[in-house]
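Here the structure comes first, spelled out in structure tokens, and everything after it is commentary.
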Ligand code: ADP
């Protein structure tokens, strides 16, 4: 591994400001999904180490909370600068453990540091109110205080951005954190905490435990010192963590699965719609929760659209993310490959047509061909499940009301997209889609300024934006009498 700064490659957990191993000495291997090679290992920790990390976060809380927002923001700002200075190393580490093309990994690091920048600024903008009193001898105040010790659990598809999107607002608010990164991609998180230490984040304020998700997640939810859990991952795991958190009524932010509809109306600019669809669908080989998942195309433009799209998909370059010009890397693991193949096989067996791809890529491993299917019908699994792979399935529609009904017929509600040049339709459809986020004439909606999050089974709470810091604060009301 050719890092400019080899000390960013950390193979230990970080608790109370110390790098440490599992109490048992056990480790978990971390592999490169592009070739299956072992990159290294991390401690295989469980309940006991998680309890230690929570205790360290609790000890660090009073001093951190007592600092001014400006002081915390200054430290975050230094963290941001260090992430920027080490962008190349962080991107390389990410491509090695996650597989996404290097250009995308660089983009994710820039996205990750945008949250650190944003919340370094928001740290000093936490306001309260003086409320009009109902009696002359009283004064009423409402103000915000940090929730306390927070737990964060992140997924493998955005190994850096999910970390900063959770940790920066928590630290800005005055909370302390215990993070469990995904076991498939721990090195990005460990490099980030190394940089946080260099930036001056005090011991115990930000801790990372690696290892057994069930044991670590069990302690993070059962331990009453943890007042808040912020999670990104599958709906199934989110549901489980919510159940476990019910015992002590923890506050929750859950960013769960999506099943994004992408609608192309007959009044759309088709070239732009294809660009937006390619960007939305193939980012991270289709492994994002906001990827276009169900593609509805109006019958009047269907054949034209499908033909142009097929040429784009067929030209898409697959390979090891370290190679120049590669646009799609491997899937994260064999399980992911099997799932994508199962969904394609089921669709084809039920009558879908394959225009491009449809099978594992000749490169072997977990590479899958960029795939375009049409004739998707409601009885196919692909019409309901989040694909999490490089597969486009087209559905023909004939009216606006029909397509809105189909788009909303989902238990998830994260992101939706549509293309139309008709202003009246833009307003109507934007308001009618039952989703937390809507992209209108764009396939890329994520940035640090917009509130990211879903409705229905896609989760609770919002990340980033001016609303994001509130997820880590409690609103306190005080009634001052006797004036
Ligand atoms: P995926 O299937 O996409 O990997 P998961 O929800 O399983 O999504 O994983 C997201 C994160 O949740 C990862 O960090 C993973 O280790 C963690 N995780 C999985 N199962 C549990 C669990 N039972 N308790 C706590 N965390 C878990």
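The values are calculated or read from the model by the stated rules, or taken from the named source; none is laboratory data. All values derive from a computational prediction rather than experimental measurement. Virtual Cβ from ideal backbone geometry, glycine too; neighbours counted across all protein chains shown.
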Looking across the stretch 305-346 at residues that are in a helix (DSSP H, G or I), touching a residue at least 40 places away in the same chain (Cβ under 8 Å) and touching a helix residue (DSSP H, G or I) at 6+ places or on another chain (Cβ under 7 Å), the single one that is nearest to residue 377 (Cα to Cα) is 343
Could you tell me which numbered condition residue 334 fails, if it satisfies all but one of (1) more than 26 Å from the chain's Cα centre (by Cα); (2) surrounded by fewer than 16 Cβ atoms within 10 Å (Cβ to Cβ)? (1)
Residue in the stretch 157-189 that is nearest to the ligand (Cβ to nearest atom), counting only those that are under 13 Å from the mean Cα position of the chain (by Cα) and in a helix (DSSP H, G or I): 162
Restricting to strands (runs of 3 or more DSSP E) lying wholly in the stretch 365-483: which have 1 or more residues that are in contact with a helix residue (DSSP H, G or I) (Cβ under 7 Å, 6 or more places away or on another chain) and touching a residue at least 40 places away in the same chain (Cβ under 8 Å)? 371-374, 391-397, 415-419, 473-481
Residues of the stretch 1-16 classified as crowded, with 17+ Cβ neighbours inside 10 Å and farther than 12 Å from residue 93 by Cα, total: 5
Considering only the stretch 190-197, I want to know if a residue exists there that is in contact (Cβ under 8 Å) with a residue 40 or more places away in the chain and assigned to a loop (DSSP other than H, G, I, E, B). no
Filtered residues of the stretch 119-156 (kept if in contact with a helix residue (DSSP H, G or I) (Cβ under 6 Å, 6 or more places away or on another chain), more than 16 Å from the ligand (Cβ to nearest atom) and in a strand (DSSP E or B)): 146, 149
Test result for residue 340, within 24 Å of residue 95 (Cβ to Cβ), surrounded by 16 or more Cβ atoms within 10 Å (Cβ to Cβ), at pLDDT 95 or above and touching a strand residue (DSSP E or B) at 6+ places or on another chain (Cβ under 7 Å): yes
Unmet requirement for residue 227, which otherwise passes all of (1) buried (at least 17 other Cβ atoms within 10 Å of the Cβ); (2) closer than 23 Å to residue 13 by Cβ; (3) within 16 Å of the ligand (Cβ to nearest atom): (3)
Quick one: which residue in 215, 222 is farther than 27 Å from residue 258 by Cβ, within 9 Å of the ligand (Cβ to nearest atom) and surrounded by fewer than 23 Cβ atoms within 10 Å (Cβ to Cβ)? 215
Is it true that residue 208 is touching a strand residue (DSSP E or B) at 6+ places or on another chain (Cβ under 7 Å) and within 10 Å of the ligand (Cβ to nearest atom)? no
One residue is enough: does the stretch 24-36 have a residue meeting the conditions on the phi < 0 side of the Ramachandran plot, more than 24 Å from the chain's Cα centre (by Cα), buried (at least 21 other Cβ atoms within 10 Å of the Cβ) and assigned to a loop (DSSP other than H, G, I, E, B)? no
I need every pair where a residue in the stretch 133-153 that is in contact (Cβ under 8 Å) with a residue 40 or more places away in the chain and under 21 Å from residue 67 (Cβ atoms) has its Cβ under 6 Å from the Cβ of a residue that is within 16 Å of the ligand (Cβ to nearest atom) and assigned to a strand (DSSP E or B), sequence separation at least 6 or different chains. 147/228; 149/226; 150/177; 150/228; 152/177; 152/179; 152/230
Has the stretch 193-205 got at least one residue that is touching a helix residue (DSSP H, G or I) at 6+ places or on another chain (Cβ under 6 Å), in the same structural domain as residue 111 (by the TED database) and within 16 Å of the ligand (Cβ to nearest atom)? no
Note on the stretch 147-177: residues under 21 Å from residue 242 (Cα atoms) and out of contact with any strand residue (DSSP E or B) (no Cβ under 8 Å at 6 or more places or on another chain) are 156
Exactly one condition in (1) surrounded by fewer than 24 Cβ atoms within 10 Å (Cβ to Cβ); (2) within 11 Å of the ligand (Cβ to nearest atom); (3) under 29 Å from residue 411 (Cα atoms) is not met by residue 268; state its number. (2)
